[in-house]
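Below is one structure, written out as structure tokens; comments come after it.
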Amino acid sequence: MTETPERVRIIVNPIAGRGTAGVLAAAVGKRLAAAGLQVERLETTSAGHASTMAREAADSGIDVVLACGGDGTVNETVQGLAGSDTALAVMPLGTANVLGHELELSRSPKRVTELILRGRRRRLDLGRCGDDWFLCVAGVGFDAFVALQMDNWRTGTITLASWVGRTWHAFWRYPFEPLEVCIDGEPIDAPVYHLMIGNTRSYGGPFVITPGARPDDGKLDACAFGTSGKLRLALYLAATIPHVHHRFNDVTCVTGRKIEVSAARPVPVQLDGDYRRTTPVSFEVVPGAITVLSNR
């Protein structure tokens, strides 16, 4: 369904896109204003600021919020829009751009303007973990440990080199704590050392962990990796690039509406690429919890 908006709030992470986010967002704003829309453009100044501005937009009845930034900016915006009728549009300007890959979104100001003016309004599912929401992916184990290292280390813009460096650092330090996982009340009757949860197919870059995931099917896809050790971890990472990891006999892929995870010692948890908390945790899908503008 398409619906021409009247009011748009643009939320900009000024350091995204290697500092070009402000210029690109301004170009979109000018195009939208020329088309007769009411437009306001705001920049984030601290962690959580995008969530606050998105929630204010939803509460005031703004039709569309455009998030200009990376996955972190998008996730913060999702926190503010979940459960509302305000639509999310995205200009993907980060390193991974998971939602951008999933919905084939562009960073071109012309195409972003067309998305807002004529894009399809899709009601998508969200995953919920405690009070936090995720639109694309969650993880318990190694990838969350990488996100924790990044959270402790980062001082500015995140680049591909940043992720490679932190992943290499984490590879040698991850403690491989076993997990207990239940899907809709049924335990996975096999060892689990890393758990990936997908509401979307794309995990970021060339990685597709949950190829069957769809953001509007009312369920979450989980991929449980069942062997510890650095050699096996390296094989898992390599196998996710050609999407053949599901062929391993120690990898379990299942779907469900509620996923519970615990461990003897706290294990880190990430949501949409950002470290959030440690186990024990419960993930559940909330069907149709957010409206997203898409070209398809």
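The values are calculated or read from the model by the stated rules, or taken from the named source; none is laboratory data. Just so you know, these numbers come straight off a predicted model, no measurement behind them. We place every Cβ from the backbone using ideal geometry, glycine too, and count neighbours over all the protein chains shown.
In contact with a helix residue (DSSP H, G or I) (Cβ under 7 Å, 6 or more places away or on another chain), basic (Lys, Arg) and farther than 25 Å from Asp274 by Cα, is that true of Arg7? No; evaluated as a whole, the condition is false for this residue.
Considering the conditions (1) at pLDDT 90 or above; (2) farther than 30 Å from Lys110 by Cβ; (3) not aromatic (Phe, Trp, Tyr), Pro242 is excluded by exactly one of them, (1).
Specify the residue that is nearest to His101 (Cα to Cα); the eligible residues are those in the stretch 211-232 that are in contact (Cβ under 8 Å) with a residue 60 or more places away in the chain and in a loop (DSSP other than H, G, I, E, B). It would help to see each step written out before you state the result.
Within the stretch 211-232, the first condition is being in contact (Cβ under 8 Å) with a residue 60 or more places away in the chain, and the residues that meet it are 215-220, 225.
Next cut, in a loop (DSSP other than H, G, I, E, B) only: 215-219.
On the way: Pro215: 13, Asp216: 16, Asp217: 18, Gly218: 21, Lys219: 20 Å.
By that ranking, first place goes to Pro215.
One residue stands out among those in the stretch 260-290 that are touching a Ser or Thr at 6+ places or on another chain (Cβ under 7 Å) and assigned to a strand (DSSP E or B): the one that is surrounded by the most Cβ atoms within 10 Å (Cβ to Cβ), which is Val269.
Counting the residues of the stretch 265-281 that are aliphatic (A, V, I, L, M) and more than 16 Å from the chain's Cα centre (by Cα) gives 2. Tell me yes or no: at least one residue of the stretch 61-70 is touching a Lys or Arg at 6+ places or on another chain (Cβ under 8 Å), surrounded by fewer than 24 Cβ atoms within 10 Å (Cβ to Cβ) and over 19 Å from Arg118 (Cβ atoms). Yes: one or more hits.
Taking the criterion of being in contact with a Leu (Cβ under 6 Å, 6 or more places away or on another chain) and buried (at least 23 other Cβ atoms within 10 Å of the Cβ), would at least one residue in the stretch 225-245 satisfy it?
Narrowing the stretch 225-245 to residues in contact with a Leu (Cβ under 6 Å, 6 or more places away or on another chain): none.
No, the stretch 225-245 contains no residue that is in contact with a Leu (Cβ under 6 Å, 6 or more places away or on another chain) and buried (at least 23 other Cβ atoms within 10 Å of the Cβ).
For beta carbons closer than 8 Å, sequence separation of 6+ or different chains, a first residue in the stretch 56-68 that is more than 22 Å from Leu105 (Cα to Cα) and a second that is surrounded by fewer than 24 Cβ atoms within 10 Å (Cβ to Cβ) and basic (Lys, Arg), the qualifying pairs are Ala57/Arg9; Gly61/Arg7. When the stretch 43-66 is limited to residues that are closer than 19 Å to Ala26 by Cα, modelled with pLDDT of 95 or more and part of a loop (DSSP other than H, G, I, E, B), the one that is nearest to the chain's Cα centre (by Cα) turns out to be Thr44.
Within 19 Å of Thr291 (Cα to Cα) and in contact (Cβ under 8 Å) with a residue 60 or more places away in the chain, is that true of Thr77? So Thr77 fits the description; yes.
So that you can scan it fast, the table gives a plain yes or no per residue for (1) within 22 Å of Phe171 (Cα to Cα); (2) in contact with a Phe, Trp or Tyr (Cβ under 7 Å, 6 or more places away or on another chain):
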{"site": "Arg201", "(1), (2)": "no, no"}
{"site": "Pro215", "(1), (2)": "no, no"}
{"site": "Leu233", "(1), (2)": "yes, yes"}
{"site": "Val244", "(1), (2)": "yes, no"}
{"site": "Ile259", "(1), (2)": "no, yes"}
{"site": "Arg277", "(1), (2)": "yes, no"}
{"site": "Ala289", "(1), (2)": "no, no"}
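For the stretch 156-176, residues that are buried (at least 18 other Cβ atoms within 10 Å of the Cβ) and either modelled with pLDDT of 90 or more or not small (Gly, Ala, Ser) (or both) total 4.
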